[in-house]
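S.K.: Here's a structure for you.
The values are calculated or read from the model by the stated rules, or taken from the named source; none is laboratory data. Predicted model only: the values in this text are computed from it and were never measured. Cβ placement follows ideal geometry from the backbone for every residue including glycine, while neighbour counts extend to all protein chains displayed. Protein only, heavy atoms only, side chains kept; ligands, DNA and RNA dropped before computing areas. Shrake-Rupley method; radii C 1.70, N 1.55, O 1.52, S 1.80 Å.
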There are 2 protein chains.
Amino acid sequence: MNRQRVGFVGLGIMGGPMAGHLLSAGHDLTVFNRTPARCDPLLERGARVGASPRDVAAASDVVFICVSDTPDVEGVLFGPGGLAEGATAGSVIVDCSTISAEATAQFAARLARQGVALLDAPLTGGDIGARNGTLTVMVGGDAEAFERVRPLIECFGKRILHMGPSGAGQRTKMVNQIICALNVLGMAEGLAFAERCGMDLDKVLQVVTSGAAGSWALANYAPRIVRGDYAPGFPMHLQAKDLRLCLEEIRKLGGRFEGTALTERLFREAAESGLADQGTQGMINLLRRPG
Amino acid sequence: MNRQRVGFVGLGIMGGPMAGHLLSAGHDLTVFNRTPARCDPLLERGARVGASPRDVAAASDVVFICVSDTPDVEGVLFGPGGLAEGATAGSVIVDCSTISAEATAQFAARLARQGVALLDAPLTGGDIGARNGTLTVMVGGDAEAFERVRPLIECFGKRILHMGPSGAGQRTKMVNQIICALNVLGMAEGLAFAERCGMDLDKVLQVVTSGAAGSWALANYAPRIVRGDYAPGFPMHLQAKDLRLCLEEIRKLGGRFEGTALTERLFREAAESGLADQGTQGMINLLRRPG
């Protein structure tokens with residue numbers, strides 16, 4: 001592959017390893033992170049550190065973003081010292097954050113006016129997928145820009161699908177999060193029920209994991225609950241945020257989504273009552289509280 | 001295995017094939033079904049047909065029951081011409097229906113007074129599991145009686161677990177149904193969301209099926225939804241009934257089970273508004289209705 005000038009903004013649990021894969025593939029990498037210490041491991045491996053997103057954009061033909069929420073992406077793009085100030089016509093920005101689909105389309109339209117393409121490219125596969133370079137990437141936005149950056153996405157993604165116009169990646173991620181959240185709630189209520197009945201959880205899991213109740217959530221999270229491990233994985237406060245984004249979209253779409261409304265309320269309650277930094281399997285701790 | 005005198009009451013989608021496996025294993029089989037025509041295929045293969053459950057019990061050392069709900073089991077056991085009238089001391093009744101855990105314990109205590117053991121042994125694995133003899137069987141009740149009938153259960157069951165005293169099988173099944181129902185709702189809301197967004201469902205399923213949103217429900221039911229197949233599988237009205245049983249138990253246990261309460265309400269609404277005989281994947285048809 002041609003060595004390319006690549007930027008990366010947001011070196012968290014996901015972004016850090018993803019940027020590492022781009023570096024390992026031989027690209028010329030410039031990074032920025034709000035907490036500068038997070039840049040150090042990449043700096044030691046030959047990456048440069050920009051003083052601002054603007055610096056990163058000025059040094060790169062393609063810039064990846066991996067931050068938490070809509071206002072964070074807006075700040076990185078259009079705030080003082082933002083990517084928009086440094087990006088040159090013909091460059092591509094790939095936003096791997098999970099944010100509002102509508103805001104994504106607005107950001108893309110705004111950047112298009114200066115000849116910069118914005119792709120939404122949210123991820124699934126978790127911290128493990130980021131470390132192993134096996135993420136699933138759901139891309140929305142200009143198809144030609146997507147084809148140009150696809151080889152870069154392949155540095156950390158295994159399953160990469162172009163879903164449609166700007167925002168389509170975010171909407172696909174929402175489908176994923178709607179299903180995930182209800183699967184996690186099902187697991188938590190099922191185990192909470194078994195606990196209240198005084199059942200042997202290991203034995204119950206032997207029965208339910210392999211049959212029609214089976215799910216990724218049950219297979220991966222239920223054993224952690226049995227051994228009292230509530231480390232994230234995927235933290236409660238981000239699940240709550242993702243579900244809030246789903247509800248914002250649902251408000252525009254219409255329709256009955258009572259399960260999604262319920263999970264949004266429960267994950268938010270959990271996040272606001274001391275469980276924010278537990279993994280989503282901590283939902284059972286909300287259900288265990290005395291009424 | 002020793003040839004045994006075995007009875008079977010209730011030859012529906014599940015019971016019919018299960019009784020067939022007992023016959024294939026060489027046992028001396030006597031059957032009863034409310035709709036007599038259902039007995040014919042087994043009659044042709046050498047089974048005898050009893051005129052009542054009492055007749056079946058009188059001719060058998062072990063009797064299986066596989067009917068729909070608590071009052072059905074009560075009628076088969078204690079109604080006029082019921083099993084209790086024909087059962088001899090030392091015999092075992094194995095109830096494979098999914099019914100109330102509390103009623104099960106009461107029925108078992110009542111039969112124990114005449115020296116008859118009642119085991120609750122609800123199933124998971126569906127019509128396919130019944131046909132292939134690969135059901136999962138969750139057993140509650142006297143452990144010694146269970147060991148005696150285990151070789152018979154092995155004629156149709158692959159994973160057979162003794163979960164505890166009378167009712168423990170039913171409570172394990174409830175755990176299974178609580179999780180299943182929320183997984184199905186997650187799948188239905190996820191696909192309904194994708195539809196309202198105008199997304200390509202096949203492409204969306206490629207993304208979500210293999211990752212953290214994955215479930216048995218998604219893998220097995222979502223493709224049926226895509227091709228418009230709403231045949232049961234597991235019919236809506238039985239899912240609604242099973243969830244009603246869960247809520248009855250939850251009322252005694254206490255605790256927060258808002259997801260289970262929601263699925264009970266939605267599956268009941270679906271069953272009462274024209275979707276009773278669709279498979280549970282038909283939940284999406286409830287969600288598709290104009291608000």
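S.K.: Look at the stretch A:1-22 and say how many of its residues are surrounded by fewer than 20 Cβ atoms within 10 Å (Cβ to Cβ) and within 19 Å of A:Gly86 (Cβ to Cβ).
M.R.: Summing the residues that are surrounded by fewer than 20 Cβ atoms within 10 Å (Cβ to Cβ) and within 19 Å of A:Gly86 (Cβ to Cβ) in the stretch A:1-22 gives 2.
S.K.: Same structure, new question: Return the residue satisfying two criteria in turn: it lies in the stretch B:201-214 and is within 7 Å of another protein chain (Cβ to nearest Cβ) and in a helix (DSSP H, G or I), and of such residues it is farthest from A:Ile128 (Cα to Cα).
M.R.: B:Lys203
S.K.: Any residue that is closer than 19 Å to A:Gly255 by Cα and within 9 Å of chain A (Cβ to nearest Cβ) - is there at least one of those in the stretch B:247-259?
M.R.: Yes, the stretch B:247-259 contains a residue that is closer than 19 Å to A:Gly255 by Cα and within 9 Å of chain A (Cβ to nearest Cβ).
S.K.: Show the residue pairs that are 6+ apart or on different chains and have beta-carbon atoms under 6 Å apart, the first residue being within the stretch A:1-21 and aromatic (Phe, Trp, Tyr), the second being open to solvent by less than 20 Å² (accessible area, probe 1.4 Å).
M.R.: From the stretch A:1-21, the pairs are A:Phe8/A:Ala19; A:Phe8/A:Val31; A:Phe8/A:Phe64.
S.K.: I need the full set of residues from the stretch B:120-142 which are open to solvent by 10 Å² or more (accessible area, probe 1.4 Å) and of a type in the set (Asp, Glu), in order please.
M.R.: B:Asp127, B:Asp142
S.K.: Take the conditions closer than 23 Å to A:Met163 by Cβ, in a loop (DSSP other than H, G, I, E, B), among the hydrophobic types (A, V, I, L, M, F, W, C) and open to solvent by less than 10 Å² (accessible area, probe 1.4 Å) and apply them to B:Ala217. Does it pass?
M.R.: No: the conditions fail for B:Ala217.
S.K.: Moving to a separate point now. What pairs can you find where one residue is in the stretch A:271-291 and without any contact (Cβ under 8 Å) to a residue 12 or more places away in the chain, the other is among the hydroxyl-bearing types (Ser, Thr, Tyr), and their Cβ atoms are less than 9 Å apart, with a gap of 6+ or different chains?
M.R.: A:Arg289/A:Ser273
S.K.: Ok, one more. Given the condition in contact with a Leu (Cβ under 6 Å, 6 or more places away or on another chain) and closer than 22 Å to B:Leu185 by Cα, answer yes or no: does some residue in the stretch A:217-232 qualify?
M.R.: The answer is yes, given that some residue of the stretch A:217-232 is in contact with a Leu (Cβ under 6 Å, 6 or more places away or on another chain) and closer than 22 Å to B:Leu185 by Cα.
S.K.: Here's another thing I want to ask about it. Where the second residue is charged (D, E, K, R) and the first is part of a strand (DSSP E or B) and lies in the stretch B:79-94, which pairs have Cβ atoms under 8 Å and are six or more apart or on separate chains?
M.R.: Once the first residue is part of a strand (DSSP E or B) and sits in the stretch B:79-94, its partners that are charged (D, E, K, R) give B:Val92/B:Asp61; B:Val92/B:Arg148.
S.K.: Which of the residues that make up the stretch B:149-160 are without any contact (Cβ under 8 Å) to a residue 60 or more places away in the chain and open to solvent by 20 Å² or more (accessible area, probe 1.4 Å)?
M.R.: Passing the criteria: B:Arg150, B:Glu154, B:Lys158, B:Arg159, B:Ile160.
S.K.: Residues being within 7 Å of another protein chain (Cβ to nearest Cβ) and part of a helix (DSSP H, G or I): count how many of those fall in the stretch A:186-200.
M.R.: The first filter runs over the stretch A:186-200 and keeps only residues within 7 Å of another protein chain (Cβ to nearest Cβ), leaving A:186-187, A:189-190, A:192-194, A:196-197, A:199.
Next cut, part of a helix (DSSP H, G or I) only: A:186-187, A:189-190, A:192-194, A:196.
Qualifying residue count, the stretch A:186-200: 8.
S.K.: Something else: From the list B:Ala112, B:Ala108, which one is over 25 Å from B:Ile250 (Cα atoms), touching a strand residue (DSSP E or B) at 6+ places or on another chain (Cβ under 9 Å) and not β-branched (Val, Ile, Thr)? Steps first, please.
M.R.: On the way: B:Ala108 fails: over 25 Å from B:Ile250 (Cα atoms).
Within the list B:Ala112, B:Ala108, the selection yields B:Ala112.
S.K.: Something else about it: Can you tell me how many residues in the stretch A:28-59 are assigned to a loop (DSSP other than H, G, I, E, B) and either over 19 Å from A:Leu152 (Cα atoms) or open to solvent by 10 Å² or more (accessible area, probe 1.4 Å) (or both)?
M.R.: Final tally of qualifying residues: 9.
S.K.: Right, something else. Yes or no: B:Glu74 at pLDDT 95 or above, closer than 27 Å to B:Asp277 by Cα and either surrounded by fewer than 24 Cβ atoms within 10 Å (Cβ to Cβ) or not assigned by TED's automatic domain parsing to the domain that holds B:Ala145 (or both)?
M.R.: Spelling it out, B:Glu74 is indeed at pLDDT 95 or above, closer than 27 Å to B:Asp277 by Cα and either surrounded by fewer than 24 Cβ atoms within 10 Å (Cβ to Cβ) or not assigned by TED's automatic domain parsing to the domain that holds B:Ala145 (or both).
S.K.: Would you call B:Ala145 out of contact with any Gly (no Cβ under 9 Å at 6 or more places or on another chain), open to solvent by less than 10 Å² (accessible area, probe 1.4 Å) and more than 21 Å from B:Gly16 (Cβ to Cβ)?
M.R.: So B:Ala145 passes the test.
S.K.: Just checking, which of B:Leu118, B:Leu135 is modelled with pLDDT of 95 or more and out of contact with any Lys or Arg (no Cβ under 8 Å at 6 or more places or on another chain)?
M.R.: Going through B:Leu118, B:Leu135 in turn, the sole match is B:Leu118.
S.K.: Which residue out of A:Ala181, A:Ala276, A:Ala222 is under 30 Å from B:Pro290 (Cβ atoms) and small (Gly, Ala, Ser)?
M.R.: Answer to the selection: A:Ala181.
S.K.: Output the residues belonging to the stretch B:172-185 that are open to solvent by 10 Å² or more (accessible area, probe 1.4 Å) and either facing chain A (nearest Cβ under 7 Å) or on the phi > 0 side of the Ramachandran plot (or both).
M.R.: Listed by number, the list holds a single entry, B:Cys180.
S.K.: Which numbered condition in (1) of a type in the set (Gly, Ala, Ser); (2) in contact with a helix residue (DSSP H, G or I) (Cβ under 7 Å, 6 or more places away or on another chain); (3) more than 13 Å from A:Ile284 (Cα to Cα); (4) open to solvent by less than 10 Å² (accessible area, probe 1.4 Å) is the only one that A:Gly169 fails?
M.R.: That leaves (2) as the condition not met.
S.K.: Can you spot a residue in the stretch A:270-278 that is assigned by TED's automatic domain parsing to the domain that holds A:Ala192, farther than 30 Å from B:Ile128 by Cα and open to solvent by less than 10 Å² (accessible area, probe 1.4 Å)?
M.R.: Checked the stretch A:270-278: at least one residue is assigned by TED's automatic domain parsing to the domain that holds A:Ala192, farther than 30 Å from B:Ile128 by Cα and open to solvent by less than 10 Å² (accessible area, probe 1.4 Å).
S.K.: May I ask you to list the residues in the stretch B:244-263 that are within 12 Å of A:Gly259 (Cα to Cα) and either under 18 Å from the mean Cα position of the chain (by Cα) or buried (at least 18 other Cβ atoms within 10 Å of the Cβ) (or both)?
M.R.: B:Gly259, B:Thr260, B:Leu262, B:Thr263
S.K.: Still on this model: On the given criteria, is B:Ala231 over 30 Å from B:Gly167 (Cα atoms), open to solvent by 40 Å² or more (accessible area, probe 1.4 Å), assigned by TED's automatic domain parsing to the domain that holds B:Leu185 and in contact with a helix residue (DSSP H, G or I) (Cβ under 9 Å, 6 or more places away or on another chain)?
M.R.: Yes: the conditions hold for B:Ala231.
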